[in-house]
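Engineer: My questions will all concern the structure given below.
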Amino acid sequence: MPRYNPADIEPRWQAYWEENKTFATPENPGGKKRYVLDMFPYPSGDGLHVGHPEGYTATDIVSRFARMRGESVLHPMGFDAFGLPAEEHAIKTGEHPRIQTQRNIDNFTRQLKMLGFSYDWDRVLATTDEAYFRWTQWIFLVLFDTWFDAEQQVGRPIAELPIPDSVRAEGPRAVDAYVDSRRLAYQDDALVNWCPELGTVLANEEVVDGKSEVGGHPVKRIPLRQWMLRITDYAERLLEGLDDLEWPEGIKKLQSDWIGRSTGAEVDFFVGQEEQFETWKSARGESGFPQRPGGDALRVYTTRPDTLFGATYMVVSPEHPMLPQLTASDQADAVTAYCEKASFKSDRERTEGDREKTGVFTGSHAINPVNGKPIPIWVADYVLAGYGTGAIMAVPAHDERDFEFAVKYDLPVIAVVEPPADAENRAEILAGKACFAAVGNAINSGSLDGLDTAEVKTKITARLSGEGLGKQAVNYKLRDWLFSRQRFWGEPFPILHEVDQDGRETGRMRGVDPSELPVRLPELEDFKPHGRPEPPLAKAGEDWLYVTIDGQRYRRETNTMPQWAGSCWYYLRYIDPHNDARLVDPEKESAWMPVDLYVGGAEHAVLHLLYSRFWHKVLYDRGHVSTPEPFRRLVNQGMILGEVEFTAYFDPDDQPVSSQHVRKSPEGGRQSKDGRPVVAKPVAEDQVEKKGEGFVLKSDPSIRIDSRAHKMSKSRGNVVNPDVVVKEYGADALRLYEMFMGPLEATKPWSMAGVGGVRSFLDRVWRMIVDDQCDDLVLQPGLSDADGDEDQNRMLHATIKKVTEDTESMSFNTAIARMMEFTNFFTRCETRPVAAMKNFLILLSPYAPHLCEELWKILGQQGSIAHQPWPSWDEAALVQSSIEVPVQFNGKVKTKIHVSPDSKPDQMIEAALADDRVQEMLAGKNVVKKIAVPGRLVNLVVKP
RNA sequence: GCCGAAGUGGCGGAAUUGGCAGACGCGCUGGAUUCAAAAUCCAGUUCCCGCAAGGGAGUGAGGGUUCGAGUCCCUCCUUCGGUACCA
């Protein structure tokens, strides 16, 4: 009884592929090349969950399909292996994070191999490999050695940086400082998210609701000297580059919103004595708009320079450098107290609650440059230090935030844009009682009255520009990238800080010579952070920490790089993973780049993909890569949820509460309408029935039940482990099910019964070819060397066509459905042409490779089915002699007729009208209009 | 609040992009096989009325365009995901 036994078949073929290097990448891509890439995983201690193989199976099918169509394929896998969990484990246990990481990598590798993915395992890498992070450090040195030429919009070697004579005159120290301030990798005191609990600084994106993303610990903001990467210089290029990418529009929009380009104007407001305004103004007319505003002007950025006449006050951020100067002595206490409070506010406190705006008057005024009127300057934390100039002109009539603030502090509101005549609250807007944040014609704006917003913007900006009071400006929401972490388990920076004889840093630094790379991590006794915002690497021994070059002592940089660093460029290393002379061989690089298909989760939509694109552009500018963008096509696989669960709610008396009466409580839990807390309890499927829109308890149909699939999580206990699925159903069934669930991009719930369904399909495929009634391994007696009949040929060729087209378009679910139809059809046939079976196995092999290899061999074929050419279909075999088309009356199907597939519309109408059934139903009615769509239908418009 | 995606049988989902709604799978019902069960095979399965032939309704709700709408347009509702004062 040779039944389909994946537990036997699958490991055997996996071993075969490994031994025979079936999926080795061609040394030099010949013909069409295709680089198919998965977002590599972080090897967590939990192993793979079923979300991973979704994308991996999709790319595997694409890769196998492409190889069978004669393309050269690069399909690698690796591990994003630096990361907090391994370090936290090390802190707890004292075990070196490398050991734990390797254990996890081994487990991931086992699981990935178990699923039969056709990776070229000779190219596997981990970001923690010294041979790998040597080049991560090398790229950092490139960033350190590059400055951005804004004029040419290109990164250039630091040696080409023009040094202003004024700087040169101040001596070599000043030149060094100047150079350091222009590098793409630079140091800066930044307000950072210090998490005392984790003993580390977190990036903004690692802080969720004012708490650490990992562990949920409180986070405080403190200033610290940090490595920053000047990604903002590349904002324009990163934005423009999006146009040519085949990425989901949603992801492009997310990136472009994140970059957040806006255009407007910078405007200087005079902050000196009112009577000196005219003097200042005419001086500005002479000098023009200066690079820096100087001490007598407060510079703002606005996207609505057309509303300048409506600016009734100004606001500076609590961190604004001019604030002390602007603060009048009688307001000093209030301002200091306010700033103090703001600086101690965590992000959580800032965003929590209704976030009512707060602020304090500084006691000083600025002169509105368009009308010479003094307006008060306030300090408020709704203005962010890091955006624009850190100061705004407030136009409460036309900005919701300013309006809210103005109402609270009773500041004047002057409408300068006319709302439309039919605006509901027109009168209120004009009276300064409501806010109107749209465009329109100018009012209360002197000579500009009546012009529309666009014209006023242009005119005002031009006028200010001529007077040296303002200029057109562009701003980005994107901030420079905080690139250092106070952790052990990351790439050390290849940077040396000069120290003087007392061991103090002099402020000068140098990169480690590239020939000295990698800078390895030091050996430490333990991995505990010391709770100070100083990195664990500072605990390293003197021999690691200090270096002497040409008699000068240096201290190593002790920060480490963030996890993003390794994942920023791994796709390049796969191309030439063992090269120890270069990052990647330029010939190989230009042969394989760009990545043709990149598949991964949408959670990396912004950060990983933006950071990678940034690094890539720097490497491009510096001549190390040949393409301006790394990832040509991007596809996001959807999330896989747990099994659908039915949930009933019970009040404290254990009485069921209908789900329509259950609300979210303010504390985040759930409560009934009357405010009593309710608990959710799972209900078995057979206790539930459908009623109307939802489900109700069978025992009490007045009680509605929630029916929903939840995100898989350990706490909910609905995580599906691929090991278990493979053991029970086999890897081919798991692969097939993941693809059969629905479209790749969709979020969809897991169903173990569904896995059983595709497994029985695979059983049917097996029985279509193997006689399972016989004790020995014998082919189905129905298999025949004869040609198939017409119907069989049509089924075969239609299947080849559908599977080819659907695989090309990554519509895997419908391709599988078609192969199921094929199997259902042929298992009903007495005789089954072997040629058709062989073609079918080739079609199925990218999806269920182990089973197909086995059946291929059972059919007496040599070698791997993976090397077979993909079949093509014969259009002639698809043609039918007669097709059935519906006849509609007024768009409703009434009957069907048979016509030749190439019938012209006239012939179809004729055939329809000649049909007995049609005649019968047409009795006593008039045909007003006749429509026929060739090959589709006939529609008769009839009237009584 | 804003942005994005999506609402189709009991469930997951199809529908050649304006042309037969519900392919394929799960589940369910009946039958065959079996001492029995599993497995397998066959038939049926959107809902309502009807013994049936047949008839009617139907793609979140309402309106519109069209010979014809799941698909296009307008208004609204719901769910999921993302996001947070960027001047």
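The values are calculated or read from the model by the stated rules, or taken from the named source; none is laboratory data. In this text the structure is predicted, and so the values were computed from the model without any measurement. Neighbour counts run over all protein chains shown; Cβ positions are idealised from the backbone, glycine included. For accessibility, only protein heavy atoms count, side chains too; no ligands or nucleic acids. Shrake-Rupley method; radii C 1.70, N 1.55, O 1.52, S 1.80 Å.
Engineer: What is the angle, in °, between the Cα long axis of helix A:84-93 and the longest principal axis of the Cα atoms in chain A? Nearest 10 is fine, range 0 to 90.
Structural biologist: Long axis of A:84-93 versus the principal axis of chain A: about 80 degrees.
Engineer: Next question. Once phi is turned into θ = phi - 60°, what whole-Hz ³J(HN,Hα) does the Karplus curve with 6.51, -1.76 and 1.60 give for every residue of segment A:64-78, x standing for Gly and Pro?
Structural biologist: For segment A:64-78, the Karplus curve yields 5, 4, 5, 4, 5, 9, x, 8, 8, 10, 10, 9, x, 8, x Hz.
Engineer: Taking the Cα centre of each part, how many Å lie between segment A:264-317 and segment A:767-834?
Structural biologist: Taking the Cα centre of segment A:767-834 as reference, the centre of segment A:264-317 is 78 Å away.
Engineer: At 7 Å along Cα-to-Cβ for each site, give me the label-to-label distance between A:N425 and A:E356 in nm.
Structural biologist: My value for the distance between the label points is 1.9 nm.
Engineer: Using a probe radius of 1.4 Å on heavy atoms only, what accessible surface per residue do you get for segment A:262-475? Whole Å² is fine. Walk me through the numbers on the way to the answer.
Structural biologist: On the way: 10170 Å² over 214 residues.
Normalised by residue count, the accessible surface of segment A:262-475 is 48 Å².
Engineer: Assuming a ≥ b ≥ c are the square roots of the Cα gyration tensor eigenvalues, decide whether segment A:620-775 counts as rounded (a/c under 1.5), prolate (otherwise, with a/b larger than b/c) or oblate. Provide the component values of the computation, followed by the final result.
Structural biologist: On the way: a/c = 3.08, a/b = 1.36, b/c = 2.26.
Judged from the Cα gyration tensor, segment A:620-775 comes out oblate (a/c at least 1.5, b/c at or above a/b).
Engineer: Which value results for Rg/Rh of chain A when Rg is the Cα radius of gyration and Rh the Kirkwood radius based on the inverse mean 1/r?
Structural biologist: Numbers: Rg = 34.8 Å, Rh = 33.6 Å.
So for chain A, dividing Rg by the Kirkwood Rh gives 1.03.
Engineer: Here's something else I'd like to know. How big is the Kirkwood radius of segment A:880-943, worked out from every pair of different alpha carbons and given in Å to one decimal? Write down the numbers at each step before the final one.
Structural biologist: Values: mean 1/r = 0.0872 Å⁻¹.
Kirkwood hydrodynamic radius for segment A:880-943: 11.5 Å.
Engineer: What do you get for the angle between helix A:97-114 and the principal long axis of chain A? Use alpha-carbon atoms, 0 to 90 degrees, nearest ten.
Structural biologist: Helix A:97-114 sits at roughly 30 degrees to that axis.
Engineer: Probe radius 1.4 Å, ligands and nucleic acids left out: which of A:H75, A:H867 has the largest accessible area, and how do the rest follow? Can you show the working numbers first?
Structural biologist: Working: A:H75 0, A:H867 125 Å².
I get A:H867, A:H75, largest accessible area first.
Engineer: In whole angstrom, note down how far apart the Cα centers of segment A:491-525 and segment A:80-110 are.
Structural biologist: Here the answer is 26 Å between Cα centres.
Engineer: I'd like the carbon and sulfur percentage of the solvent accessible area for chain A, probe radius 1.4 Å, heavy atoms only, ligands and nucleic acids excluded.
Structural biologist: Numbers: 20740 of 43180 Å².
For chain A, the apolar C and S fraction of the accessible surface comes to 48 percent.
Engineer: Which listed residue (A:Q325, A:P293, A:S447) has the Cα farthest towards the positive end of the charge dipole for segment A:262-475, taking +1 on Lys and Arg C-beta and -1 on Asp and Glu C-beta about the Cα centre?
Structural biologist: A:P293
Engineer: If the only charges are +1 at each Lys and Arg Cβ and -1 at each Asp and Glu Cβ, what is the size of the charge dipole of segment A:880-943 around the Cα centre, to the nearest 20 debye?
Structural biologist: On the way: 10 positive and 7 negative charges, 77 e Å.
Roughly 380 debye, rounded to the nearest 20.
Engineer: Let me ask something else. Might you work out the accessible area of A:S166 for me, using a 1.4 Å probe with all protein chains in place, and round it to the nearest 10 Å²?
Structural biologist: Approximately 80 Å² of A:S166 is accessible to the 1.4 Å probe.
Engineer: Looking at the square roots a ≥ b ≥ c of the eigenvalues of the Cα gyration tensor of segment A:262-475, which shape do they give, rounded for a/c under 1.5, prolate if a/b is larger than b/c, or oblate? Display every interim value, and only then the final one.
Structural biologist: On the way: a/c = 1.74, a/b = 1.11, b/c = 1.57.
Oblate shape, in that a/c is at least 1.5 and b/c is the bigger or equal ratio.
Engineer: Nearest 5 percent is fine: what portion of the DSSP beta bridges confined to chain A is antiparallel?
Structural biologist: 80
Engineer: Given the C-alpha atoms of segment A:11-131, compute the convex hull and give its volume per residue in Å³. Write down the numbers at each step before the final one.
Structural biologist: Values: hull volume 13.7 nm³, N = 121.
Hull volume normalised by residue count: 113 Å³.
Engineer: Hey, can you find the accessible area per residue of segment A:880-943 for me, probe 1.4 Å, expressed in square angstrom? Before the final figure, lay out the partial values.
Structural biologist: Working: 4010 Å² over 64 residues.
In whole numbers, segment A:880-943 has 63 Å² accessible per residue.
Engineer: Note down the nm distance, to one decimal, between modelled labels 7 Å out along Cα→Cβ at A:K896 and at A:R508.
Structural biologist: 8.9
Engineer: Two decimals is fine: what is log10 I(q)/I(0) at q = 0.13, 0.19 Å⁻¹ for segment A:756-859, from a Debye sum with one equal scatterer on every Cα and no solvent?
Structural biologist: Taking Cα atoms of segment A:756-859 as identical point scatterers yields -0.43, -0.94.
Engineer: Under the rule of -39500 (n - 2.57) per DSSP H run of 4 or more residues, summed and divided by the residues of chain A, what mean residue ellipticity at 222 nm is obtained, to the nearest 500 deg cm²/dmol?
Structural biologist: Numbers: 31 runs with 316 residues, N = 944.
Value at 222 nm, helices only: -10000 deg cm²/dmol.
Engineer: Which value in Å does the Kirkwood hydrodynamic radius of segment A:489-614 take, with 1/r averaged over all unlike C-alpha pairs and then inverted? Intermediate results must be reported in sequence, preceding the final value.
Structural biologist: Details: mean 1/r = 0.0574 Å⁻¹.
Kirkwood radius, segment A:489-614: 17.4 Å.
Engineer: Whole Å is fine, so just give me how far the alpha carbon centre of segment A:536-572 lies from that of segment A:871-944.
Structural biologist: One Cα centre to the other: 77 Å.
Engineer: Moving on. Using a 1.4 Å probe and counting only protein heavy atoms, arrange A:T458, A:T453 so the residue with the most accessible area comes first.
Structural biologist: On the way: A:T458 90, A:T453 10 Å².
Largest accessible area first, the list is A:T458, A:T453.
Engineer: To the nearest 10 square angstrom, what accessible area does A:D8 show with a 1.4 Å probe?
Structural biologist: Its accessible surface works out to 70 Å², give or take rounding.
Engineer: OK, next. Just how large is the dipole of chain A about the Cα centre, in debye to the nearest 20, putting +1 at every Lys and Arg Cβ and -1 at every Asp and Glu Cβ? Mind dumping the intermediate values first?
Structural biologist: On the way: 110 positive and 142 negative charges, 281 e Å.
So the magnitude is around 1340 debye.
Engineer: So, taking all protein chains as they sit and a 1.4 Å probe, how much accessible area belongs to A:T647, in Å² rounded to tens?
Structural biologist: For A:T647, the solvent-accessible surface is approximately 20 Å².
Engineer: Let me ask another. Once the dipole of segment A:880-943 is set up with Lys and Arg at +1 and Asp and Glu at -1 on Cβ about the Cα centre, which of A:A912, A:V927, A:P886 lies farthest towards its positive end?
Structural biologist: After comparing all options, I get A:V927.
Engineer: Can you check how the C-alpha radius of gyration of segment A:812-910 compares to 2.2 N^0.38 Å, as a plain ratio? Please report the intermediate quantities before stating the final value.
Structural biologist: Working: Rg = 19.4 Å, N = 99, 2.2 N^0.38 = 12.6 Å.
Scaled against compact globular proteins, the figure is 1.54.
Engineer: A follow-up question, please. Longer than 31 Å from Cα to Cα, which of A:K21/A:K617; A:K253/A:K281; A:K252/A:K588; A:K373/A:K471 are they? Say none if no pair is. Please report the intermediate quantities before stating the final value.
Structural biologist: Working: A:K21/A:K617 35 Å; A:K253/A:K281 42 Å; A:K252/A:K588 29 Å; A:K373/A:K471 20 Å.
Table pairs above 31 Å Cα-Cα are A:K21/A:K617; A:K253/A:K281.
Engineer: From the protein chains alone at 1.4 Å, what is the descending order of accessible area for A:D526, A:D763, A:D410, largest first?
Structural biologist: On the way: A:D526 60, A:D763 35, A:D410 135 Å².
Sorted by accessible area, descending: A:D410, A:D526, A:D763.
Engineer: A follow-up question, please. On alpha-carbon atoms, Rg over Rh for segment A:568-637 using Kirkwood Rh?
Structural biologist: Numbers: Rg = 12.1 Å, Rh = 12.5 Å.
Reported Rg/Rh (Cα atoms, Kirkwood Rh): 0.97.
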